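Written out below as structure tokens is the structure these notes cover.
The values are calculated or read from the model by the stated rules, or taken from the named source; none is laboratory data. Values in this document were obtained by computation on a predicted structure and should not be read as measured data. Reconstructed Cβ throughout: ideal geometry from the backbone, glycine too, with neighbour counts over all protein chains shown.
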Amino acid sequence: MEVIRSQKRTVSNDVVSTPTLPLYLTAPPMEVRLEEFELFAIDRLRVLKGVSDGLARGRNPNEMDDLVETLWREHMRLSDVSEMINKDIISHFVLRLVYCRSDELKKWFLSMETALFRHRFRRKKIEEQRAIVGEFGLPYKAVIGAELESLKERLGLVARSLGQSDVENIYYKVPFEEVPDLVAGRRVLLQKGYAFVAGSQLVSLVVTQFRSHLSKALILTNRKWTTTIREREKDRLTPIVEALSTSYLGPDYSQSSEYADISLKDIDQVSKSSFPLCMRHLFEKLREDHHLKHGGRMQLGLFLKGVGLKLDDALAFWREEFTKKVGSERFDKEYAYAIRHNYGKEGKRTDYTPYACSKIITSAPGAGDHHGCPYRHFSEDNLKAALSRMGLSSRGMEDVMDKVRNKHYQLACTLTFEAVYGASCDTGINHPNQYFEESQKILKSKTPAAPV
């Protein structure tokens, strides 16, 4: 993996001349600065997560084409074309390292990179698409002459069944098993084990090859990672690689804003109006049991810090509840220090940031714990009951549960937000404090201004 060997990057002529849609067949012989190694990967990860969200929302192919173009422009474009191509290639190979490390990670990366390639390919002109077929070295030639004439009537039937007026000018003859999506959709003519693929359907043929190559490449990358790279780079690259797959890519919400400045007198009302389900559940359990285990205290405590609860108010809030069960002396001895620590007033005086969805979802609550993500960790009956208490209709609840069953937990939270507030959230919910701030924006926009 030459692409990761150095903190300094040099560009070869071969890379500069790469087509605008690389096939990532081999790692290029370039050196990469360590800061680029991470930053390029993060930018590509923003694109892939946007693609994942778009697919989970059920956007149609044309909408996905537009979404991919927007995501690519926002996160991957550079003013210099050759530099942009290098960023594309570097970021892909870095994320191969990140996502080769488990079957679950490989499955997600393979699916998202394939979808990204599909929609970038669809945007290319037919001449560029044919050039990409040539780059892949696919042994398919256009059907011409007498063979094409003999098939025109049957090809016309297929074309008209797809809403096309006539036979296209170019068809490719390929083994039918290489275009399973076209066969399943009855979008090709089948004859003697071959499928006749129209030029406009080249995307399916190329994407199948791309996915097959990438799947095999991830297996080989995993072998290199486990046998040589991980240990050799344990002090430099390994920490970055192992952190990237769970990285939160948005604001850290460590500073309060105009929409995040609550006080003790507001907290009960605001918990009902603006807390996401994970925090609302923790808050209610705290009020009910007058205690939370460590994981719950950290998750709720840092969230409250992020929504503007000052240290003195936080101490008063936790003291009021805990002293009902453990007494003042034990609270001061065992719990007050940790609260001050979270606010950066003890120990190393680190200003701790609220937990993002990615951290909450991957937590592992045990018996008696109430932290974690309800969409992942609640039983179906308990989740439905909680959503009902938030006011979701039966239709809205079923939409949420459909995403939960497909393990799209953040999208389930996003749909809950949209159902509760009657407003769209195109960016998706990625952080509990984002949920809070977005809800406050909506609620305050609906509140009449006070008379002057």
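Quick check on this structure: which one of Asp426, Asp402, Asp381 is of a type in the set (Asp, Glu), out of contact with any Ser or Thr (no Cβ under 6 Å at 6 or more places or on another chain) and in a loop (DSSP other than H, G, I, E, B)?
Result: Asp426 is the single residue among Asp426, Asp402, Asp381 that is of a type in the set (Asp, Glu), out of contact with any Ser or Thr (no Cβ under 6 Å at 6 or more places or on another chain) and in a loop (DSSP other than H, G, I, E, B).
Answer yes or no: is there a residue in region 405-421 that is surrounded by 13 or more Cβ atoms within 10 Å (Cβ to Cβ), assigned to a loop (DSSP other than H, G, I, E, B) and in contact with a Lys or Arg (Cβ under 6 Å, 6 or more places away or on another chain).
No, that holds for no residue.
When you scan region 1-111 for helices (runs of 4 or more DSSP H) that lie fully inside it, which ones turn up with 1 or more residues that are among the charged types (D, E, K, R), at pLDDT below 90 and surrounded by fewer than 19 Cβ atoms within 10 Å (Cβ to Cβ)?
So the answer is 13-16, 34-56, 81-99.
Per-residue answers, yes or no, for (1) β-branched (Val, Ile, Thr); (2) outside the structural domain of Leu23 (by TED's automatic domain parsing):
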site	(1), (2)
Pro180	no, yes
Val183	yes, yes
Ala195	no, yes
Ser212	no, no
Ser215	no, no
Asn222	no, no
Pro239	no, yes
Glu242	no, yes
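Small (Gly, Ala, Ser), assigned to a loop (DSSP other than H, G, I, E, B), under 29 Å from Ile442 (Cα atoms) and more than 25 Å from the chain's Cα centre (by Cα): which single residue out of Gly344, Gly366, Gly308 fits that description?
Gly308 is the lone residue from the list that is small (Gly, Ala, Ser), assigned to a loop (DSSP other than H, G, I, E, B), under 29 Å from Ile442 (Cα atoms) and more than 25 Å from the chain's Cα centre (by Cα).
Could you tell me how many of the residues in region 194-243 are of a type in the set (Asp, Glu) and touching a residue at least 60 places away in the same chain (Cβ under 8 Å)?
Here the count works out to 2.
Does region 385-396 contain at least one residue that is in a helix (DSSP H, G or I) and in contact (Cβ under 8 Å) with a residue 40 or more places away in the chain?
Yes: region 385-396 contains one or more residues that are in a helix (DSSP H, G or I) and in contact (Cβ under 8 Å) with a residue 40 or more places away in the chain.
Quick one: in region 181-216, which of the residues that are modelled with pLDDT of 85 or more, out of contact with any helix residue (DSSP H, G or I) (no Cβ under 7 Å at 6 or more places or on another chain) and within 19 Å of Leu116 (Cα to Cα) is surrounded by the most Cβ atoms within 10 Å (Cβ to Cβ)?
Looking at residues that are modelled with pLDDT of 85 or more, out of contact with any helix residue (DSSP H, G or I) (no Cβ under 7 Å at 6 or more places or on another chain) and within 19 Å of Leu116 (Cα to Cα), I get His213.
Listed residues Val143, Val167; which is among the β-branched types (Val, Ile, Thr), in contact with a Phe, Trp or Tyr (Cβ under 7 Å, 6 or more places away or on another chain) and either surrounded by 12 or more Cβ atoms within 10 Å (Cβ to Cβ) or at pLDDT 85 or above (or both)?
Answer to the check: Val143.
Hey, any hits in region 116-137 for a residue that's modelled with pLDDT of 95 or more, farther than 22 Å from Ile240 by Cα, buried (at least 18 other Cβ atoms within 10 Å of the Cβ) and aromatic (Phe, Trp, Tyr)?
yes
When only residues in region 316-329 that are out of contact with any helix residue (DSSP H, G or I) (no Cβ under 8 Å at 6 or more places or on another chain) and outside any loop (DSSP other than H, G, I, E, B) count, which is farthest from Ser263 (Cα to Cα)?
Out of the qualifying residues, it is Glu329.
Can we say Leu282 is free of Cβ contacts under 8 Å to residues at least 40 places away in the same chain, assigned by TED's automatic domain parsing to the domain that holds Phe378 and not in a loop (DSSP other than H, G, I, E, B)?
So Leu282 does not fit the description; no.
Considering only strands (runs of 3 or more DSSP E) fully contained in region 148-256, which possess at least 2 residues that are hydroxyl-bearing (Ser, Thr, Tyr)?
171-175
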